[in-house]
Every structure is written in C-alpha cells, then in structure tokens.
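Heads up: the structure comes next, in structure tokens.
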Amino acid sequence: MARQKLPLDERAIAQLETMSGLGLTVEQMAAVLGMAKKTLERRVKDTPGAKDALEKGRALTAYNVTAKAY
C-alpha cells in the first residue's frame, strides 16, 4: 500500500517563504524541514500556495537589496 501524500501545512509554507528570502537552496530548505529535496519539490508542486511563498520570499529579498542599493 502506498503512503498517503501529505501536503505542506501553513507553518511549513511560512518557513519556506522565510528561508527562500534568506537565500537558502531547495536542498537546504528540505534539510531544515526534515525531508529529501525531491520530496520537498513534490510537495511544493502539490500544495496550493507553496510555490507562491517561495517566489514571494525571493522577490522580497530582491526588492530589499535593490532598495538599499539606490
């Protein structure tokens, strides 16, 4: 019998946003969350809002860096 697919919960999604904003790689984020890189990639794909959180974290960091430079 196959394991049940578990989506990322709200806490994990918030952590993803923070970690991506800090510049962590997907592999590093997976380690913090206690899973393999491939598992995290699958869960991000299958969890509504997870991909958006990653993109938002990266975008906020890029904005902050740009704002300080100019």
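In table form, for the structure just shown:
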{"read-out": "Residue ID - nearest to Val65 (Cα to Cα), chosen from residues in region 1-10 that are modelled with pLDDT under 95 and open to solvent by 100 Å² or more (accessible area, probe 1.4 Å)", "value": "Lys5"}
{"read-out": "Counted residues, region 31-54 - those being in contact with a helix residue (DSSP H, G or I) (Cβ under 8 Å, 6 or more places away or on another chain), assigned to a helix (DSSP H, G or I) and either charged (D, E, K, R) or exposed (fewer than 13 other Cβ atoms within 10 Å of the Cβ) (or both)", "value": "5"}
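The values are calculated or read from the model by the stated rules, or taken from the named source; none is laboratory data. Model, not experiment: these values are computed from the prediction. Positions of Cβ are backbone-derived with ideal geometry, glycine not excepted, and every protein chain shown enters the neighbour counts. Side chains are part of the model used for accessible areas, which takes the heavy atoms of the whole protein and leaves out ligands, DNA and RNA. Shrake-Rupley method; radii C 1.70, N 1.55, O 1.52, S 1.80 Å.
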